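Trainee: Before we start, here is the structure in question, set down as structure tokens.
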Amino acid sequence: MEVLVSRAVSRSRSGYRTLSRKSAACVAGAALAAPLLLTGAARATAADAVQYGVTPLKFTVHVGGRSCVVDADLYRPAGVDARHPAPAVLATNGFGGSKSDGSTEAIGKAFASRGYVGLVYSGLGFGKSGCLITLDDPAVDGEAASGLVDFLAGTRAADDGTKANYVTRDGAGDPRVGMIGGSYGGAIQLATAAVDPRVDALVPLITWNDLAYSLAPNNAGTRTGVSSDTAGVFKWQWTDGFYLLGEGQTVLNASLDPSRFNNLTCLHFAERACDTIRLLNSGRYPADRTAGMLDYARSVSPVDYLGKVKAPTLLVQGQADSLFNLNEATAGYERLKAQGTTAKMIWQAWGHSGGQVPGELDLGQGNLETSYVGQRVLAWFDRYLHHRKNTDTGPEFAYYRDWRSGYGTADSVPALSQKVYLSGDGKLVDDRSEVTRGSRQYVNWLIPTSHSESSLAGLIGLPDSKPYDTPGTYLGWTSAPLTSPVDVVGAPKATLKVVSPRTERVQNSGDAADKLVLFAKVYDVAPDGGKTLVNRLVAPVRVPDVTRSFTVRLPGIVHRYEAGHRLEFVIAASDSAYFGNRGIKPVTVVSAPEDTGVLELPVVGGRLR
């Protein structure tokens, strides 16, 4: 049954429109979801009434060795027909959501009210769609989405016989179609484009590059992008939260559809996904099983298939995001650019960890034409779906600056531009000759003694205690008070050497869990001594070899250190959001002018002195 809806649309002088979003979180229903980040309904901002019809549809797909039904809604603007076709926008939900959650539904409404044909659907295993949860696997979720592209092309019908012969085409069987969505609804875009070259434009928001890094990051020994050959540190709060949400679909979305069930020990996920979660929770990472875990996690991640993605891609990542940090977007962006795929990147304020600020993309407020990211999104679709070649799609790189309540831009992600050195007396100095000789030690406990965040607290409305480190379980190096503001945009890098005899004796046992674990982070210390851990981000490290120096790439930030403030670099023995060391492993750091740790910063304004 088709339902007609009247919407009001704002037309900008350039003729295109914008998109927006309310909360950076990804909570679906009661808990740990990441449904699309564009929430609420698009509201009128001007006086142009546009009607569109909404038609529920079902599509039977055959993927991953199973046959199942995909539940979708078609949004068709009034006046769009075979003689007056329009480009299409395809979207699905974030993890735990469905086509009917506020964020996913808002996409269909927002773009239909702006003249696009919208097709939104519940991802496999969610809502009323069947099949197992396969983590946006291109061979399963991507192929299912490709079947919906066939519908938009007019080459297949929905299960009730409905056909779409009113989508703009670039050739026989080739519809003009873009995709947008966040988190789980972001990675599906890349997975779909990797298996279906007919997709014309992508806008993935706050999504991942490598799930092996997202769920068990190792910020040392990076091989390429964010990926390391050494198993990382289990991010148990985020990972187990999403796992429980997926397994809880029986309760959250009651269904007798047998295609949604696997077995009693792995209810709704693909078997290898459950195997990965079990291995991570076991705390044991033997080489053979760990290699399989890394291979599987990467096989369902863009890092494995980005080489096949040719559609112009606007990557939008959140600065407040401890699930998928800015480094993941940067890895994808740099890979796309290197292979010649048209790509641009925006670092907005909000992500999975919150961070929504006034004026940011917020579909619930209807600020499509007035938010910076919204304008960029609509310009992207204007250029690559309407083929208006004169549309300006904006700078290569843009980032939100909270100290100016607006965006800075650049031709590329800023490079590391300033070095400071770790002195034996606990100071950060900007000249190696100022390094004092000395050694300092910390020791871990068998329980976490440092806290960065409770990953899901903010998303479900619970308070979270301030970050802290317990004396004796961490080391810090602090700069002198800044004489002028210093702006850091990008991912700092630290080169370190630690001494840990107990680790040295066991680190080659064949189980990666015997290697040393530590957490690197950078604080902003105010004149009154108050500390801010920017966006509560830390860099978990499983040190490849404690007999050698190693490099840590910290999560990217956009932050101004004000005059009078100090920058403190910390390495801590543990963090409450992650698994820690196996056993007690004291750590000593030795400093000397000729051999000491180095912290490098991407400074775009001012200088540490």
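Trainee: Scan (1) surrounded by 18 or more Cβ atoms within 10 Å (Cβ to Cβ); (2) closer than 30 Å to Lys235 by Cβ for the single condition Leu482 breaks and write down its number.
Mentor: (2)
Trainee: A further question on this structure: Are any residues in segment 84-108 of a type outside the set (Ser, Thr, Tyr), surrounded by fewer than 24 Cβ atoms within 10 Å (Cβ to Cβ) and either on the phi > 0 side of the Ramachandran plot or at pLDDT below 95 (or both), and if so, which ones?
Mentor: Here is the first cut: in segment 84-108, the residues of a type outside the set (Ser, Thr, Tyr) are 84-91, 93-97, 99, 101-102, 105-108.
Remaining after also requiring surrounded by fewer than 24 Cβ atoms within 10 Å (Cβ to Cβ): 84-86, 101-102.
Listed by number, the residues that qualify are Asp101, Gly102.
Trainee: Still on this model: Between Asp136, Asp150, Asp81, which is under 18 Å from Val203 (Cα atoms), at pLDDT 95 or above and in the same structural domain as Leu385 (by TED's automatic domain parsing)?
Mentor: Of the residues listed, the single one that is under 18 Å from Val203 (Cα atoms), at pLDDT 95 or above and in the same structural domain as Leu385 (by TED's automatic domain parsing) is Asp136.
Trainee: So, one more: Restricting attention to strands (runs of 3 or more DSSP E) lying wholly within segment 59-173, give those where 1 or more residues are among the aromatic types (Phe, Trp, Tyr).
Mentor: Working: elements: 66-77, 88-92, 117-121, 169-171.
Of the strands (runs of 3 or more DSSP E) lying wholly inside segment 59-173, those with at least 1 residues that are among the aromatic types (Phe, Trp, Tyr) span 66-77, 117-121.
Trainee: Let me ask something additional. Being of a type in the set (Val, Ile, Thr) and more than 21 Å from Glu600 (Cα to Cα) is the filter; apply it to segment 388-420 and report the residue that is surrounded by the fewest Cβ atoms within 10 Å (Cβ to Cβ).
Mentor: Checking each candidate, the answer is Thr409.
Trainee: Looking only at segment 73-121, count how many residues are over 30 Å from Leu245 (Cα atoms) and touching a residue at least 12 places away in the same chain (Cβ under 8 Å).
Mentor: 17
Trainee: Another question, if that's okay. Does at least one position in segment 320-332 carry a residue that is surrounded by 16 or more Cβ atoms within 10 Å (Cβ to Cβ), in contact with an Asp or Glu (Cβ under 8 Å, 6 or more places away or on another chain) and farther than 19 Å from Ala193 by Cα?
Mentor: yes
Trainee: Related question: So which of Leu385, Leu361, Leu378 ends up being within 21 Å of Lys109 (Cβ to Cβ), in contact with a helix residue (DSSP H, G or I) (Cβ under 8 Å, 6 or more places away or on another chain) and either surrounded by fewer than 21 Cβ atoms within 10 Å (Cβ to Cβ) or in the same structural domain as Leu205 (by TED's automatic domain parsing) (or both)?
Mentor: Going through Leu385, Leu361, Leu378 in turn, just one is within 21 Å of Lys109 (Cβ to Cβ), in contact with a helix residue (DSSP H, G or I) (Cβ under 8 Å, 6 or more places away or on another chain) and either surrounded by fewer than 21 Cβ atoms within 10 Å (Cβ to Cβ) or in the same structural domain as Leu205 (by TED's automatic domain parsing) (or both): Leu361.
Trainee: Next question, about the same structure. Being under 16 Å from the mean Cα position of the chain (by Cα) and assigned to a loop (DSSP other than H, G, I, E, B) is the filter; apply it to segment 307-340 and report the residue that is nearest to Gly354 (Cα to Cα).
Mentor: Among residues in segment 307-340 that are under 16 Å from the mean Cα position of the chain (by Cα) and assigned to a loop (DSSP other than H, G, I, E, B), the one nearest to Gly354 (Cα to Cα) is Asp321.
Trainee: Looking at segment 152-193, which of its residues are surrounded by 24 or more Cβ atoms within 10 Å (Cβ to Cβ) and of a type in the set (Phe, Trp, Tyr)?
Mentor: Tyr184
Trainee: Then there's this: Which residues, counting only those in segment 488-511, are more than 16 Å from Phe550 (Cα to Cα) and touching a Phe, Trp or Tyr at 6+ places or on another chain (Cβ under 8 Å)?
Mentor: Of everything in segment 488-511, those that are more than 16 Å from Phe550 (Cα to Cα) and touching a Phe, Trp or Tyr at 6+ places or on another chain (Cβ under 8 Å) turn out to be Val488, Val489, Asp511.
Trainee: Within segment 205-233, which residues are more than 15 Å from Leu135 (Cα to Cα) and either charged (D, E, K, R) or in a strand (DSSP E or B) (or both)?
Mentor: Leu205, Ala220, Thr222, Arg223, Thr224, Ser227, Ser228, Asp229
Trainee: Between residues in segment 149-165 that are without any contact (Cβ under 8 Å) to a residue 12 or more places away in the chain and residues that are assigned to a loop (DSSP other than H, G, I, E, B) and exposed (fewer than 14 other Cβ atoms within 10 Å of the Cβ), which pairs lie under 7 Å by C-beta distance while being six or more apart or on different chains?
Mentor: Ala157/Lys163
Trainee: Something else: Can you pull out every residue in segment 212-253 that is surrounded by fewer than 18 Cβ atoms within 10 Å (Cβ to Cβ) and among the β-branched types (Val, Ile, Thr)?
Mentor: Matches in segment 212-253: Thr224, Thr250, Val251.
The values are calculated or read from the model by the stated rules, or taken from the named source; none is laboratory data. These numbers were taken from a predicted model, which means no experiment stands behind them. Cβ coordinates were reconstructed from backbone atoms using ideal geometry, including for glycine residues, and neighbour counts include every protein chain displayed.
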